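Chemist: Handing you a structure now.
The values are calculated or read from the model by the stated rules, or taken from the named source; none is laboratory data. Keep in mind that what you see is a predicted model, and the values were worked out from it rather than measured. Note: ideal-geometry Cβ built from the backbone for every residue, glycine included; neighbour counts use all protein chains shown. All accessible areas refer to the heavy atoms of the entire protein, side chains included, with ligands and DNA or RNA removed. Shrake-Rupley method; radii C 1.70, N 1.55, O 1.52, S 1.80 Å.
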Amino acid sequence: QVQLVESGGGLVQAGGSLRLSCAASGRSGAMGWFRQAPGKERELVSAISWSGGNTYYADSVKGRFTISRDNAKNTVFLQMNSLKPEDTAVYYCAMRPGNWYRIGRDEYDSWGQGTQVTVSS
């Protein structure tokens, strides 16, 4: 059974930073960080291949967020810098089998419980 546990969310002022972590157990694979703001669709923010050699960033976070992983610990990180109020959302990590990430959320079969990120102006 796959289990994903996120941590690192919180309240931060605009311009600040947070680092999210997602610890996985039961399996490894490509990982993605999604976010969902109230009244909006869940969107892919960033993704990383199992090898760590390929990454994806949504245009809205390019240059501000960095995804990385430590396969020895089966953990994925999302470093978020220069945070903006529009980054406020619940952030979810998700896993799909194999090396390659995908853009669509239906491509991921395991999800964490989510962690709240709130950026105040």
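Chemist: Scan segment 57-74 residue by residue and report those that are buried (at least 17 other Cβ atoms within 10 Å of the Cβ) and within 12 Å of the chain's Cα centre (by Cα).
Modeler: TYR57, VAL61, PHE65, ILE67, ARG69
Chemist: Just give me the residues in segment 28-56 being more than 12 Å from the chain's Cα centre (by Cα) and open to solvent by 10 Å² or more (accessible area, probe 1.4 Å), in sequence order.
Modeler: SER28, ALA37, PRO38, GLY39, LYS40, GLU41, TRP50, SER51, GLY52, GLY53, ASN54
Chemist: Further, regarding this structure: Here is a list of conditions, (1) closer than 20 Å to VAL5 by Cα; (2) modelled with pLDDT of 95 or more, and TYR56 meets all of them except one; can you say which number that is?
Modeler: (1)
Chemist: Wholly within segment 11-120, which strands (runs of 3 or more DSSP E) include no fewer than the required count, namely at least 1 residues that are touching a residue at least 60 places away in the same chain (Cβ under 8 Å)?
Modeler: The strands (runs of 3 or more DSSP E) meeting that bar are 18-25, 30-36, 43-48, 75-80, 89-96, 115-120.
Chemist: For segment 48-85, give me each residue that is acidic (Asp, Glu) and within 19 Å of GLY8 (Cβ to Cβ).
Modeler: Let us first name the residues in segment 48-85 that are acidic (Asp, Glu), namely 59, 70.
Across segment 48-85, the qualifying residue is only ASP70.
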